[in-house]
Amino acid sequence: MTIDLPSTGTEHPPLFADLEQCRAWQKALPLTNPGQAQAYLARQLGLLNRFTVAAEVRLAMLETLRETIHFVQVEGAKKFSGKPLPLAETEQAALDAVHSLWQAQATGYLRCLDACLAGDAGVSVQAALVCQRVLAALADDHADQLRAGRQPDSAHWRLAHAAYASAETLGVATLAVEDGQREGQAPTALAAYAEIMLLHTAGLHELTARQQGWVIRWARRWSGKLQVLSAPPPEDVPALPLCVDLDSEEPAGFKPQSGPGARWLDTAGLRQSLNKRASLLAEGGEENTPARLGLGDDCPQPACGEILRRVYLRWIKGGIRRRHDRHPFAGSCRFVVGVEAIHYYLSGHQPFQPPGSTNHDKLRREREEIATFGRVAPRFKDDHSRNQGFQLESWEIAEDWAMLDQSSGGLRLVRSLQQPGGRFSIGNLAAVQPAGSSGLLLGMVRWALVIGDDLAAGIQLFPGKPVPVAVRGTGVMATKEAYRPGFLLPPVAALNQPASIVLPSGGFKPNRIVEAWTKTDTVRVKLKELLERSADFERAATEPAD
């Protein structure tokens, strides 16, 4: 594949045209204001990329600016990483700025790569570094796109394949170079290329922002474990290879490829490393903590082991197989997210009121309306919903959806980004009402992703018809505990699902007895097993307390 770059000239020079000028300009950057420094860097790199300058001088300036670029990009990514989707206007602007700077940096190195392929003696001796830098910039851009709930487009894959193919042509794909921004294995063009493919296959859109950070770090650290093969390995190998076609615009996958551009990324070395760490984590002990095993100081158990097993399946075994078959289905679906909003709609558009409470503002308003109109104005409920930001949205069901070892079913929902609607994150409590069903079904957001001009979400459904309740703990220590919104779910014998309760986050303790109140009844249940946990709720199996 060829690398298409715009022509250069001298009509619009940047503020620096040699290494000395570049260093002087860099010192004047306002790094205390990373956003402003980022804009300055993007502007000058854009001008430099269209300016005629010797390839070795261009490379020297790019290397000088690299650490500063990394600093402002890390700061910029904080503005959109882990934010609910769809991104707010300021968050989207931050993502666009980060993406533009990564692209400008990659384009600068691509110009140097173009000179290497043309046999430029001034830069050819550094061909290994140039190829690695192009692919490292694309890997950084890829990671930030994933952090924002997006997938790179075909142009990204075209550039990645072309850069790696160029490294093979130059014979430098496996030559190690110095790179202070990457830890672990000695950085090579192949390692940076493998990092991009590991990021793609990891399924980061199904993980929280914190978990995404772990996997991004692991992909960077262990990408050097992969080896490239020009022919497929034996079929009975325990580690499936990642297959890629360098002549395509598609990422790597586990589907076999053919043709001159076909390559196989051997994951045997990665399998051995992951297996070793997973076994040691399972053993436990002071010597087998995630930090000591190179997984990170911010990776607590058992979450670290769970995510490690998850990426093992995605990187080594061809992905996570589903317990339940998908069944294509199209139709409309009502969708609402958030504990209080769901409680409002399940309660018949009634604001949450704890037992014994009196809404004095409501009483005053009703008295005024009775005195004026002779009745209570019906608009109150609509006003409350609008004022609280509650909204039942109209989505499309793309297909039935199921999650391995998580539930018996779920839905994949899609709506246009142009359609007004709320924002949500992975782990949020959600409720859906497919067309033709009698009421809202309770579930949680398992993944979210922007695909082109659409926003898609995978919803895991909880079995049973939910009943909105006011819930609180019991016992001496809970006498002053406030009632909070919750939901009771009945047992479903056909799915072997026990009765359960949805509690506020932090409410679960084994064998704890909680009180669930409705306007017609109060029940006491004992908490047995934690079934789901997220930042805004917990779902626990229950049994009668009496």
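Of the residues making up the range 122-146, those that are open to solvent by 10 Å² or more (accessible area, probe 1.4 Å) and β-branched (Val, Ile, Thr) number 1. Restricting attention to the range 421-446, the residues being in a strand (DSSP E or B), of a type outside the set (Lys, Arg) and open to solvent by 20 Å² or more (accessible area, probe 1.4 Å) number 3.
Exactly one residue among Trp218, Trp214 is touching an Asp or Glu at 6+ places or on another chain (Cβ under 8 Å), open to solvent by less than 50 Å² (accessible area, probe 1.4 Å) and within 30 Å of Gly82 (Cβ to Cβ), and that residue is Trp214.
Condition (residue is hydroxyl-bearing (Ser, Thr, Tyr) and under 17 Å from Glu195 (Cα atoms)) applied to the range 259-268: is it met by at least one residue? Yes, the conditions are met somewhere in the range 259-268.
Note on the range 166-202: residues that are surrounded by 20 or more Cβ atoms within 10 Å (Cβ to Cβ) and not β-branched (Val, Ile, Thr) total 17.
Within the range 209-224, does at least one residue satisfy the condition of being more than 13 Å from Ala143 (Cβ to Cβ) and of a type in the set (Val, Ile, Thr)? Looking for residues that are more than 13 Å from Ala143 (Cβ to Cβ) and of a type in the set (Val, Ile, Thr), one finds none in the range 209-224, hence no. Taking the range 239-272, which residues are open to solvent by 50 Å² or more (accessible area, probe 1.4 Å) and among the polar types (S, T, N, Q)? Those that are open to solvent by 50 Å² or more (accessible area, probe 1.4 Å) and among the polar types (S, T, N, Q): Gln257, Ser258, Gln272. Given the condition touching a residue at least 40 places away in the same chain (Cβ under 8 Å), within 18 Å of Cys299 (Cβ to Cβ) and either among the hydroxyl-bearing types (Ser, Thr, Tyr) or open to solvent by less than 60 Å² (accessible area, probe 1.4 Å) (or both), answer yes or no: does some residue in the range 273-282 qualify? Yes, that holds for at least one residue. Could you check the range 244-260 and list, in sequence order, the residues that are charged (D, E, K, R) and assigned to a loop (DSSP other than H, G, I, E, B)? Passing the criteria: Asp247, Glu249, Glu250, Lys255. When the range 99-121 is filtered for residues that are of a type in the set (Gly, Ala, Ser) and open to solvent by 30 Å² or more (accessible area, probe 1.4 Å), the ones remaining, listed by number, are Ser100, Ala118, Gly119, Ala121. Within the range 39-74, restricting attention to residues that are closer than 20 Å to Ala128 by Cα and open to solvent by less than 30 Å² (accessible area, probe 1.4 Å), the residue that is farthest from the chain's Cα centre (by Cα) is Ala55. Checked against (1) closer than 27 Å to Gln418 by Cβ; (2) small (Gly, Ala, Ser); (3) in contact with a Gly (Cβ under 6 Å, 6 or more places away or on another chain), Ala104 passes all but a single condition, namely (1).
Checked against the criterion of being closer than 27 Å to Arg210 by Cβ and modelled with pLDDT of 85 or more, the range 378-399 contains not a single residue that satisfies it. Kindly indicate whether Pro490 is farther than 11 Å from Val467 by Cβ, modelled with pLDDT of 90 or more and either within 34 Å of the chain's Cα centre (by Cα) or among the basic types (Lys, Arg) (or both). Against the criterion (farther than 11 Å from Val467 by Cβ, modelled with pLDDT of 90 or more and either within 34 Å of the chain's Cα centre (by Cα) or among the basic types (Lys, Arg) (or both)), Pro490 does not qualify. Tally time: how many residues in the range 221-238 are at pLDDT below 90 and either of a type in the set (Ser, Thr, Tyr) or surrounded by 20 or more Cβ atoms within 10 Å (Cβ to Cβ) (or both)? Residues flagged as at pLDDT below 90 and either of a type in the set (Ser, Thr, Tyr) or surrounded by 20 or more Cβ atoms within 10 Å (Cβ to Cβ) (or both) within the range 221-238 amount to 1.
The values are calculated or read from the model by the stated rules, or taken from the named source; none is laboratory data. The structure displayed is predicted, hence computed values, not measured ones. Every residue, glycine among them, receives a Cβ derived from its backbone with ideal geometry; neighbour counts consider all protein chains shown. Side chains included, ligands, DNA and RNA excluded: accessible areas come from the protein's heavy atoms. Shrake-Rupley method; radii C 1.70, N 1.55, O 1.52, S 1.80 Å.
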